[in-house]
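If you scroll down you'll find the structure; I have some questions about it.
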Amino acid sequence: MAQKSSNAMWGGRFAAGPDALMEAINASIGFDQRLSAQDVTGSRAHAAMLAAQGIISSKDAETIREGLLTILSEIESGTFEFSTALEDIHMNIEARLKTLIGEPAGRLHTARSRNDQVATDFRLWVRDQMDAAIEGLQALIRAALTQAEAGADWVMPGFTHLQTAQPVTWGHHMMAYVEMFARDLSRFQDARTRMNECPLGAAALAGTSFPIDRHMTAEALGFDRPMANSLDAVSDRDFALDYLAAASICAMHLSRLSEELVIWSSAQFRFVTLSDRFSTGSSIMPQKKNPDAAELIRAKIGRIMGANVALLTVMKGLPLAYSKDMQEDKEQVFDAADNLMIAMAAMAGMLGDMSANREILERAAASGFSTATDLADWLVRALNLPFREAHHVTGALVKLAEDRGCDLSDLSLADMQSVQPNITAEVFDVLGVHNSVASRQSYGGTAPNQVRAQIARWKERLA
Ligand code: ARG
């Protein structure tokens with residue numbers, strides 16, 4: 001097998017270079033180049049601190065800074081040549097720095113290890129993703145709020161077991177998703193607060209004998225404080241797991257809403273019309289308009305939750321401190337983040353474009369004996385029947401309507417009285433779907449004024 005000459009970074013101890021297979025399994029540059037900007041940022045903060053503490057000269061620090069900026073622009077313009085032999089982003093950048101500035105490049109790694117370096121870079125990357133998720137969720141919440149506001153008093157069937165249960169309002173249904181996405185948002189905010197501590201300066205695992213200032217680098221990188229235990233600092237990936245856990249729950253919510261959109265946009269339901277922008281046609285069936293975006297968002301939970309399970313499994317059983325296993329942390333998170341962000345954006349776009357079909361919703365709301373509970377409640381209130389008896393009477397009336405092939409509100413008063421002689425004509429007031437929803441005045445209930453109060457509350461919180 002091919003043997004390379006020994007490695008420039010640790011060649012002192014090695015007589016021969018790695019086997020080609022070793023290089024292939026070891027290299028992470030194929031994916032960790034996504035940490036380029038974070039790596040340069042971290043190195044700049046480290047170099048500035050080393051100079052401030054008198055560990056390297058200010059002149060060397062300035063040369064390093066300029067070299068790093070050149071490298072960053074090379075990477076951004078696509079002219080940087082990444083090398084697999086140099087294993088990862090950290091060594092690729094350091095080797096290039098050596099070519100650009102010579103000897104001072106070798107001083108940058110004083111009081112630092114790739115272990116605290118990668119922990120810092122990845123933390124910065126995940127922190128950006130948390131911020132992006134928070135922004136994406138705000139946009140999503142706004143889109144759901146707009147839908148809710150437009151149809152705060154539109155009635156639709158509410159379901160349990162996907163069977164018609166009671167009428168609800170469109171606004172109420174949309175606001176349920178606002179609640180879910182708002183919890184997602186707070187999960188990302190919590191995770192961000194918890195993770196915002198800096199591992200840099202933990203060095204390989206034990207800290208360093210150089211007089212570094214970890215508070216300075218932490219502050220320069222926007223962290224609240226340095227991490228308090230160097231062993232933990234280099235071996236912790238909780239921040240990525242927190243991100244993936246929040247992302248998984250969020251993807252689950254997106255999946256549930258997608259499922260509703262798939263059902264609602266079908267010819268059998270026609271509750272909503274999705275815009276052409278978020279649908280596709282069929283190459284063989286001309287009549288078809290498929291909700292592909294919703295279906296894909298419905299599926300994203302698979303890979304996002306998969307990433308969560310994968311990283312938990314990688315971390316499980318690892319002894320302190322760093323192990324190379326932890327290099328397997330990044331691709332999962334990258335993939336989950338890319339997919340979460342596109343799913344959120346597509347859902348916000350779809351909600352923005354979607355039109356709910358008010359008449360169809362209302363017609364559906366009235367079918368399926370959806371106001372049977374209102375009838376039972378009326379029997380309790382107006383005739384003082386025990387609820388159990390009212391339930392029984394209502395059941396008999398539903399059966400009667402079913403036999404006649406009509407809705408409850410189509411039964412005559414005489415029909416009603418044949419089952420319960422004390423029923424009066426006032427009963428018809430509660431059989432209409434609008435009366436039904438308007439009566440659900442309990443806090444958090446579906447009555448339009450309750451829904452509007454919730455919309456107002458969320459708009460104020462978002463402002
Ligand atoms: N590429 C490595 C990773 O992603 C960087 C840290 C390597 N550290 C080490 N001691 N080999 O985890």
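Here, each number is a calculation from the coordinates, and none is a lab measurement. It should be emphasised that the depicted structure is a prediction, and the values quoted were computed from it without experimental measurement. FYI the Cβ positions are ideal-geometry reconstructions off the backbone, even for glycines, and counts take in every protein chain you see.
What distance in nm separates the two pseudo spin-label positions at Lys399 and Leu383, each 7 Å out from Cα along the beta-carbon direction?
1.5 nm
Return the sequence-ordered ³J(HN,Hα) values of the stretch 315-327 in whole Hz as given by the Karplus equation 6.51 cos²θ - 1.76 cosθ + 1.60 applied to θ = phi - 60°, using x for Gly and Pro.
6, 4, x, 6, x, 5, 10, 6, 10, 5, 3, 5, 5
Can you list residues from other chains, or at least 5 along the same chain, whose modelled amide H is less than 5 Å from the amide H of Ser28?
Asp88
Where both partners of a DSSP beta bridge lie in the chain, what percent of those bridges are antiparallel, to the nearest 5?
Details: 10 of 12 bridges.
Antiparallel bridges make up about 85 percent of those DSSP assigns within the chain.
Moving on. Take the Cα atoms of the stretch 307-463, find their three principal axes, and give me the spread along each one in whole Å, biggest first.
The principal-axis extents, from largest down, are 80, 37, 31 Å.
Give, as a single signed number, the net charge of other residues whose beta carbon lies under 12 Å from the beta carbon of Val427, with Lys and Arg counted +1 and Asp and Glu -1.
-4
So who's got an amide H within less than 5 Å of the one on Val272, skipping anything under 5 residues away but keeping other chains? H placed 1.01 Å off N, in plane.
Ser265, Asn357
Tilt of helix 170-195 relative to the longest C-alpha principal axis of the chain, in degrees (0 to 90, nearest 10)?
20 degrees
Would you work out which of Pro448, Met416, Val398 lies farthest towards the positive end of the dipole of the stretch 365-462? Charges go on Cβ: Lys and Arg +1, Asp and Glu -1.
Positive-end residue among those listed: Pro448.
Once you have the Kirkwood Rh of the chain from its Cα pairs, apply Stokes-Einstein at 37 °C and 0.692 mPa s and quote D in µm²/s.
124 µm²/s
Another question, then. Determine the dipole magnitude for the stretch 269-317: charges of +1 sit on the beta-carbon of Lys and Arg, -1 on that of Asp and Glu, nothing else is charged, the reference point is the Cα centre, and the result goes in debye to the nearest 20. Please list the in-between numbers first.
Details: 8 positive and 3 negative charges, 17 e Å.
With only Lys, Arg, Asp and Glu charged at Cβ, the dipole is about 80 debye.
Further question on the same structure: Given labels modelled 7 Å from the Cα in the Cβ direction, how far is it in nm from Glu23 to Gln441?
If labels sit at Glu23 and Gln441, their model points lie 7.8 nm apart.
In whole Hz, what ³J(HN,Hα) sequence does the stretch 424-437 give by Karplus (6.51, -1.76, 1.60; θ = phi - 60°), x for Gly and Pro?
10, 5, 4, 4, 5, 4, 8, 7, x, 5, 5, 4, 4, 5
Another one. Between Asp276 and Thr424, what is 0.36 nm times their sequence separation minus the Cα-Cα distance? Round to one decimal in nm. Mind dumping the intermediate values first?
Numbers: separation 148, 0.36 × 148 = 53.28 nm, distance 5.02 nm.
So the extension gain works out to 48.3 nm.
Next question, about the same structure. Rounded to the nearest 500, what is the chain's calculated 222 nm mean residue ellipticity when only DSSP H runs of at least 4 contribute -39500 (n - 2.57) each, over all residues? Before the final figure, lay out the partial values.
Values: 19 runs with 285 residues, N = 463.
The helix-only estimate for the chain comes to -20000 deg cm²/dmol at 222 nm.
Using a Förster radius of 41 Å, what is the FRET efficiency between His215 and Leu462 based on their Cβ-Cβ separation? Nearest 0.05, please. Intermediate results must be reported in sequence, preceding the final value.
Details: r = 35 Å, r/R0 = 0.85.
Between His215 and Leu462 the formula returns 0.75.
Out of residues 5 or more away from Trp154 or on other chains, whose amide H comes under 5 Å of its own, with H placed 1.01 Å from N in the peptide plane?
Sorted by chain and number, the residues that satisfy this are Trp170, Gly171.
Using +1 at the Cβ of each Lys and Arg and -1 at the Cβ of each Asp and Glu in the chain, identify which of His253, Val314, Met341 lies farthest towards the dipole's positive end.
Val314
Moving to a separate point now. What is the helix-to-structure angle for 387-404, meaning the angle in degrees between its Cα long axis and the longest Cα principal axis of the chain, kept from 0 to 90 and rounded to the nearest 10?
80 degrees
Roughly what would the spin-label model give for Glu295 and Asp190, points 7 Å off Cα along C-beta, in nm?
My value for the distance between the label points is 3.6 nm.
As a footprinting exposure proxy, order Arg358, Arg13 by other Cβ within 10 Å, with the fewest listed first.
Least crowded to most crowded, the residues run Arg13, Arg358.
How far, in degrees from 0 to 90, does helix 114-150 lean away from the longest principal axis of the Cα atoms of the chain, to the nearest 10?
Rounded to the nearest ten degrees, it is 20.
Looking at the stretch 1-104, which GluC sites (Glu not before Pro) are in a loop (DSSP not H, G, I, E or B) and have at most 14 other Cβ atoms within 10 Å?
Numbers: sites: Glu23, Glu62, Glu66, Glu74, Glu76, Glu81, Glu87, Glu94; in loops: Glu81, Glu87.
The qualifying sites are Glu81.
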